[in-house]
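The structure appears right after this line, and notes come after that.
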Amino acid sequence: MANESTSGTTNAGQQPQGVHLVGSVPLSNAEEVFRTASSILGKRLRRIPDGETGVRSNWIGWQIQFLGSNPYFEVLPAPEGYAPLPRIRLRSKVPSSEITFDTIGYADAAKESYGVYSQLKQAGVIPENCRFQVSLPTPLAPVVAFVVPEDQAVVEPAYERAMFAELDQICAAIPHDELAIQWDVAVEFALLEGMWPAFFPDMKQGIIERLVRLGNSVPTDVEMGYHLCYGDAGHQHFKQPEDASKLVEVANAVSEGVTRPINWIHMPVPRNRTDEAYFAPLRNLKLHPETELYLGLVHYTDSVEGTRKRIETAQQVVSDFGVATECGMGRRATETIPDLLRVHSEVAVPVGE
């Protein structure tokens with residue numbers, strides 16, 4: 001599933017190839033996620049995440065513990081609004097270079113889950129060519145979500161350094177030929193849509209520069225991709241996208257700027273968008289030749305029938321893609337997960353078929 005460009009001949013009538021799991025899967029632990037996803041999806045998966053279970057189930061929500069316990073910060077009550085979360089502010093004005101984090105937890109979680117992955121892969125439970133996927137938020141996400149606006153410019157460089165340190169630990173502990181890193185890009189679209197203010201000038205260029213820097217930070221022999229997102233708090237977007245134009249704009253800019261391979265890009269498709277107008281901007285999508293495109297058009301609420309309608313419409317525009325949900329599954333009821341995974345298996349064929 002390679003894309004020099006997605007314009008041109010379409011694959012209308014053919015089933016999409018491959019399934020992408022964005023990140024969170026609300027089962028009891030990593031082993032249950034690995035076993036359940038592998039048994040239902042099998043060779044449709046090129047990569048498999050640990051499900052971000054337990055304390056990590058609410059995406060970046062667990063970062064409050066690392067920010068709140070850091071002696072440089074104090075915690076304030078959560079304001080009202082979309083996905084209200086506690087706010088953090090600096091106790092005193094200090095330069096960014098002085099702010100340090102001993103850990104922010106991502107490396108420890110990845111190393112623990114990789115041990116489970118490795119055992120199950122050796123046992124033949126996980127498909128042989130399926131990599132271990134670690135999903136990381138962009139550093140901008142926790143900073144914009146948690147830090148008071150007046151301190152964001154100072155805190156972001158420090159948090160980014162901490163994230164890069166976690167990435168280095170992950171890449172040192174896990175064999176590169178078994179590892180895939182995903183950058184979760186959600187807060188950036190809230191900024192682009194004018195939902196939140198940006199603390200840096202030339203917002204669009206600033207966002208692209210950050211995403212390119214993140215992509216280029218991953219070793220070239222580790223797979224790397226981006227999950228583009230419009231939020232999923234309460235199964236609602238922070239804004240309903242008018243169409244895929246901003247997704248395409250960001251994907252094209254990142255593809256132009258990143259100098260290493262981009263192995264996949266994932267884009268959301270709202271449940272009610274079975275119209276060609278939503279997908280039309282994808283005609284202008286220009287990806288790296290090796291980049292797989294995954295469309296998040298699988299929705300539990302209208303199951304196989306609704307998902308196939310979105311696939312059929314997308315195929316009028318896009319030539320080659322795999323399927324996914326819009327966002328992680330972490331806010332779904334646990335008992336719905338096997339059926340939701342089975343929807344994926346019914347609408348997509350294994351990789352290579």
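The values are calculated or read from the model by the stated rules, or taken from the named source; none is laboratory data. No experiment lies behind these values; they were computed from the predicted model shown. Cβ sites come from the backbone with ideal geometry, for glycine too, and all protein chains shown count toward neighbours. Only protein heavy atoms, including side chains, enter the accessible area calculation; ligands, DNA and RNA are left aside. Shrake-Rupley method; radii C 1.70, N 1.55, O 1.52, S 1.80 Å.
Take the Cα of residue 76, step 7 Å along the line toward its Cβ, and report every residue of segment 159-203 whose backbone nitrogen sits under 18 Å from that point. In segment 159-203, the label zone of residue 76 (backbone N under 18 Å from the point 7 Å along Cα→Cβ) covers 196-200.
Placing a pseudo-label 7 Å from each Cα along the Cα-to-Cβ vector at residue 129 and residue 259 gives an inter-label distance of 3.0 nm. For the pair residue 119 and residue 342, label points projected 7 Å from Cα toward Cβ lie 2.9 nm apart. Here the sum of -39500 (n - 2.57) over DSSP H runs of 4 or more residues, divided by the residues of the chain, equals -10500 deg cm²/dmol at 222 nm, to the nearest 500. Provide the percentage of antiparallel DSSP beta bridges, counting only those with both residues in the chain; round to the nearest 5. That works out to approximately 10 percent antiparallel.
Taking Cα atoms only, the orientation of helix 303-314 departs from the longest principal axis of the chain by about 90 degrees.
The slack in the chain from residue 29 to residue 172, taken as 0.36 nm per residue of separation less the alpha-carbon distance, amounts to 49.1 nm.
Applying 1/(1 + (r/R0)^6) with r as the Cβ-Cβ distance of residue 277 and residue 96 and R0 = 45 angstrom yields a FRET efficiency of 0.55.
For the residues 299, 344, a 1.4 Å probe over the protein chains yields an accessible-area ranking, largest first, of 299, 344. With both labels modelled 7 Å from their Cα along Cα-to-Cβ, the residue 39 to residue 240 distance reads 3.8 nm.
For segment 195-353, the relative contact order is 22 percent, taking Cα pairs closer than 8 Å that sit 6 or more residues apart in sequence and dividing their mean separation by the residue count. A 1.4 Å probe run over the protein chains yields, for segment 252-353, 37 Å² of accessible area per residue, whole-number rounding. Can you give me the % of accessible surface on segment 98-147 that is carbon or sulfur? Probe 1.4 Å, all protein chains present, nothing else counted. Using a 1.4 Å probe with all protein chains present, segment 98-147 comes out at 40 percent carbon and sulfur.
Running a GNM on the chain with Cα contacts under 10 Å, which residue among 176, 227, 20 ends up with the highest mean-square fluctuation? Of 176, 227, 20, the most mobile in the Gaussian network model is 176. Across the protein chains, with a 1.4 Å probe defining accessible surface, the residues 266, 288 rank 288, 266 from largest area downward. In terms of its C-alpha gyration tensor, segment 297-353 comes out prolate, because a/c is 1.5 or above and the ratio a/b outweighs b/c.
Contact order, relative form, for segment 89-248: 25 percent (alpha carbon pairs under 8 Å, 6 or more residues apart, mean separation divided by residue count). Within the straight-line cut-off of under 12 Å between alpha carbons, the aspartates and glutamates reachable from residue 246 are 188, 193, sequence neighbours fewer than 8 places apart in one chain being disregarded. Name the lysines eligible as straight-distance cross-link partners of residue 111: C-alpha to C-alpha under 19 Å, and not fewer than 8 places from it in the same chain. Those lysines meeting the cut-off are 121.
Residues within the reach of a label modelled at residue 200 (point 7 angstrom out along Cα to beta-carbon, backbone nitrogen below 20 Å), restricted to segment 156-184, are 156-168, 182-184.
Along the axis of the charge dipole computed for the chain (Cβ charges of +1 for Lys and Arg, -1 for Asp and Glu, origin at the Cα centre), the listed residues 96, 289, 328 are led at the positive end by 328. Placing +1 on the Cβ of every Lys and Arg and -1 on the Cβ of every Asp and Glu, with nothing else charged, gives the chain a dipole about its Cα centre of roughly 240 debye.
Going by the alpha-carbon gyration tensor, a ≥ b ≥ c the square roots of its eigenvalues, is the chain rounded (a/c under 1.5) or, if a/c is not under 1.5, prolate (a/b greater than b/c) versus oblate? Judged from the Cα gyration tensor, the chain comes out prolate (a/c at least 1.5, a/b above b/c).
Does segment 175-257 come out rounded, prolate or oblate by the C-alpha gyration tensor, with a ≥ b ≥ c the root eigenvalues, rounded set by a/c under 1.5 and, if not, prolate when a/b is larger than b/c and oblate if not? Note, shape of segment 175-257 comes out prolate.
With contacts taken as Cα pairs under 8 Å and at least 6 residues apart, the chain reaches a relative contact order of 29 percent.
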